[in-house]
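Here is the structure we will look at.
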Amino acid sequence: MHVSRKQRWGWLRSSTATTVSFVFIVLLVLVALVGPFVLPGNPAAISRDVLQPPSPDALFGTDHLGRDQLTRMVYGARISLLVGVLAAGMAIVVGIAVGACAGFFGGIVDIALMRMSEFFQVIPTLIVAVAIVALIGPGLANIIGVIALLSWAQTARVTRAEVLRVKQLDYVNAVRCLGHREFLVLLREVIPNSLPAVMPLIALGVADAILQESSISFLGLGSPDTISWGLLLHDGQQNLLSAWWMVVIPGLAIFATVLSLNILGDAVSTALNPRLRLTGRVRRKVVTP
């Protein structure tokens, strides 16, 4: 079933949840990029106004050292989004490479790579990530690398399934008949036409990476010199009863960001799959009185 690009965008715009999620993510990215240059305060500046609740002078209150929480939230958004994008990007690239090689070449290559991906899928990702970071030490680069290392398996399996389908198409067989090398056929023809199936995993991967980084930092294994939403949660846990805003505000930010990215990922998946979109229409007709 062929679906035009206009129809896909129309489907995305027709969903209120998708539109709200998209606007939220765009605003969040703008705040993360522009906010630090607009806000006059220093996120590390200490004052005597400790544990002040949200007020017109401090919209998000202050922490136990008198630091402005709004400024720290904006700076934390940059780090959390940076970790999410870099870790998810690395995992997507590795997953595409592994899945494409497994699906295209088959045989022992397919068996070996898929067994490896199954191993990474069954291990408890967060527990292993915490253990590895505890061993190699805190640091932004370490956290990004560990999250990427443990997050590529799902992309590999989705890519493999799509490559198995694409490599059987007539135009791929025609390119092979022209005498092109197998590796070039994979790079130029098969992988580019398999990417639409991987696109929904980008938003989901960023959401998962943000959640993992927040969990690692919340447990005290993040870099103390790098402000992230997870670090703000860690700082606020000891003052939860007396300064609820130190935990609630960054917690809501993480929740809203992860939820919005998941909604966007599901929406992109539905827009790219006509069968899922048709199923959604049927369900709405059944539910609507």
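Bear in mind these aren't lab numbers, they're just calculated from the coordinates by the rules spelled out. Because the structure is predicted, anything quoted here is derived from the model rather than measured. Here Cβ is always computed from backbone atoms with ideal geometry, including for glycine, and neighbour counts include all displayed protein chains.
Full extension of the chain between Ala141 and Asp57 gives 26.7 nm of extra length, using 0.36 nm per residue less the Cα-Cα distance.
Overall form of region 1-145: oblate. Here a/c, set by the Cα gyration tensor axes a ≥ b ≥ c, is 1.5 or more, and a/b is not larger than b/c. For the chain, the longest principal axis of the C-alpha atoms and the axis of helix 107-122 are separated by about 20°.
Axis of helix 274-287 versus longest Cα principal axis of the chain: the two differ by about 60°, to the nearest ten degrees.
Between Phe183 and Val38, residue separation times 0.36 nm minus the direct Cα-Cα distance comes to 47.3 nm. Placing dummy labels 7 Å off each Cα toward the beta-carbon, the span from Ala45 to Ala134 is 3.8 nm. Volume per residue for region 72-131 equals 82 cubic angstrom (convex hull of Cα atoms).
Cβ under 10 Å from Ile147's Cβ, Ile147 left aside: what net charge do those residues give with Lys, Arg +1 and Asp, Glu -1?
Values: positive: none; negative: Asp208, Glu213.
Net charge around Ile147: -2.
Estimate the FRET efficiency between Val248 and Val109 by the formula 1/(1 + (r/R0)^6), using the beta-carbon distance for r and 41 Å for R0, to the nearest 0.05.
On the way: r = 50 Å, r/R0 = 1.21.
Calculated transfer efficiency: 0.25.
Compared with the dominant Cα axis of the chain, that is its longest principal axis, helix 16-38 is turned about 50°. 3J(HN,Hα) along region 68-85: 5, 6, 5, 4, 5, 5, 5, 5, x, 4, 4, 5, 4, 5, 4, 4, x, 5 Hz, from the Karplus curve 6.51 cos²θ - 1.76 cosθ + 1.60 with θ = phi - 60°, whole Hz, x for Gly and Pro.
Placing +1 on each Lys and Arg Cβ and -1 on each Asp and Glu Cβ, with no other charges, gives region 72-277 a dipole about its Cα centre of roughly 440 debye. With a simple spin-label model that places each label point 7 Å from the Cα along the Cα-to-Cβ direction, the separation between Met116 and Met199 comes to 2.9 nm.
Using R0 = 41 Å, the C-beta based FRET efficiency linking Gln237 and Ala161 works out to 0.45. Between Leu169 and Asp225, the C-beta separation translates, for a Förster distance of 51 Å, into a calculated FRET efficiency of about 0.50.
Region 72-277: Rg/Rh from Cα coordinates, Kirkwood Rh? Provide the component values of the computation, followed by the final result.
Numbers: Rg = 19.8 Å, Rh = 18.5 Å.
With Rg and the Kirkwood Rh in hand, the quotient comes to 1.07.
Descending by average beta-carbon neighbour count within 10 Å, the peptides 115-127, 36-48, 184-196 line up as 184-196, 115-127, 36-48, the highest first. Rounded to the nearest whole Hz, the Karplus-based 3J(HN,Hα) values (6.51 cos²θ - 1.76 cosθ + 1.60, θ = phi - 60°) of region 209-223 follow the sequence 5, 4, 5, 5, 4, 4, 5, 5, 5, 4, 7, x, 9, x, 6, with x at glycine and proline. In order along region 135-146, the Karplus-derived 3J(HN,Hα) couplings, from 6.51 cos²θ - 1.76 cosθ + 1.60 at θ = phi - 60°, round to 7, 8, x, x, x, 4, 5, 5, 5, 4, x, 5 Hz, and Gly and Pro are given as x.
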